[in-house]
1. Given a 1.4 angstrom probe, what's the average accessible area per residue across the range 61-127, in square angstrom?
2. Over the residues of the range 16-121, compute the C-alpha Rg and express it relative to 2.2 N^0.38 Å.
3. Using just the alpha carbons, could you tell me how many Å³ per residue the convex hull of the range 59-127 encloses?
4. When the convex hull of the C-alpha atoms of the range 22-81 is computed, what volume per residue in Å³ does it have?
Amino acid sequence: MRRREQATQGLGPAAARKPALRKSNSGFSLLEIFCVITLVGILAAIVLSRICGSSLDARKNACYMNKGMIEVEAQIWYRNKGVWPASNLSDIQADTNYFPSSLPVCPVDGTSYTLDATTHQVVGHTH
């Protein structure tokens, strides 16, 4: 008993009751790795679905912006020239004052824009 008291004399009562620690392997178990991989897979699926969906929405919004821009430029053409541009927009496309880098095409399906001869609005492109 004397030895035990001498060995634990400076450590206090809590240290005297602590059992010796076993040497353990430091690393992850197979179950822990499986859980992490599953969580990363779920997060990747959520992020990819968000990215793919927003890409189509962005192209649709760009199409609506192109339609509005073409209709405004057609109105400016009418104000400056006194006549509406051709329904296939060939004359307004040839004038670089209206579309300097060329007439845009639909970013969703790649088709050209046309104007209705009576309403002077862009036809189609209701994505």
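1. Numbers: 3920 Å² over 67 residues.
It amounts to 59 Å² per residue over the range 61-127.
2. Values: Rg = 29.9 Å, N = 106, 2.2 N^0.38 = 12.9 Å.
Compared with the compact-globule rule of thumb, the range 16-121 sits at 2.31.
3. Working: hull volume 5.3 nm³, N = 69.
It is 77 Å³ per residue.
4. Numbers: hull volume 4.8 nm³, N = 60.
Convex hull volume per residue, Cα atoms: 81 Å³.
The values are calculated or read from the model by the stated rules, or taken from the named source; none is laboratory data. Predicted model, so just to flag it, every value in this text is computed and none were measured. For accessibility, only protein heavy atoms count, side chains too; no ligands or nucleic acids. Shrake-Rupley method; radii C 1.70, N 1.55, O 1.52, S 1.80 Å.
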